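The values are calculated or read from the model by the stated rules, or taken from the named source; none is laboratory data. Here the structure is a predicted model, which means the values were calculated and not measured. Note: ideal-geometry Cβ built from the backbone for every residue, glycine included; neighbour counts use all protein chains shown.
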Amino acid sequence: MANEHNDALLDLFARECEGHLGAIRAALVELASADAATSGGATARIEATLHTLAGAARAMELIDLEYLCRALENLAHAGADEGWNAPRLALFDAALKLAPELLAPTPRARNQMMALAARCAAGVPS
């Protein structure tokens, strides 16, 4: 049910979401130039940020966004274990490109979000 309180919370969530997405983008840039020995810090920041964002999305009842964040969090964990390869980075890039549509998703954006989450959950070749 829409009301002023919910609108204010969604506005706050949107601002915080932008900060979280910026942190993920910065960590991905760092990963692009990191080797296996130095990628751990960036990966840990990505996982922690996605975990926070997933929890906030759940609180806002943005369940599709929560599901995508959890799938990306698991994908980042796999990146820590198996390395960050081009397919894994491409899934993160696709999620970041979809980001502007995540807060008030259209049916098309929700379908894209869920399809992307399924691709993340399926994993990528090492």
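Please specify each residue of the stretch 47-77 satisfying the condition of being part of a helix (DSSP H, G or I) and under 21 Å from His5 (Cβ atoms). Quick ask: steps written out before the conclusion?
Here is the first cut: in the stretch 47-77, the residues part of a helix (DSSP H, G or I) are 47-59, 63-77.
Selection gives Gly55, Ala56, Ala57, Arg58, Ala59, Ile63, Leu65, Glu66.
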Q | Verdict on Ala104 being over 13 Å from the mean Cα position of the chain (by Cα), exposed (fewer than 12 other Cβ atoms within 10 Å of the Cβ) and closer than 27 Å to Phe13 by Cα | A | yes
When you check Ala27 against the structure, is it closer than 21 Å to Pro87 by Cβ, of a type outside the set (Val, Ile, Thr), free of Cβ contacts under 8 Å to residues at least 24 places away in the same chain and not in a loop (DSSP other than H, G, I, E, B), yes or no?
yes
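Taking the conditions exactly as written (at pLDDT 90 or above and over 25 Å from Ser39 (Cα atoms)), does Met60 satisfy them or not? Steps first, answer last, please.
Details: at pLDDT 90 or above: no; over 25 Å from Ser39 (Cα atoms): yes.
Here the answer is no, as Met60 does not meet what is asked.
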Scanning the stretch 35-62 residue by residue, those under 17 Å from Leu89 (Cα atoms), surrounded by 16 or more Cβ atoms within 10 Å (Cβ to Cβ) and touching a residue at least 24 places away in the same chain (Cβ under 8 Å) turn out to be Ser39, Thr43, Ile46, Glu47, Thr49, Leu50
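Based on this model, can you work out whether Ala2 counts as modelled with pLDDT under 90, over 21 Å from Pro87 (Cα atoms) and not in a helix (DSSP H, G or I)? Quick ask: steps written out before the conclusion?
Details: modelled with pLDDT under 90: yes; over 21 Å from Pro87 (Cα atoms): yes; not in a helix (DSSP H, G or I): yes.
When the stated conditions are applied, Ala2 passes them.
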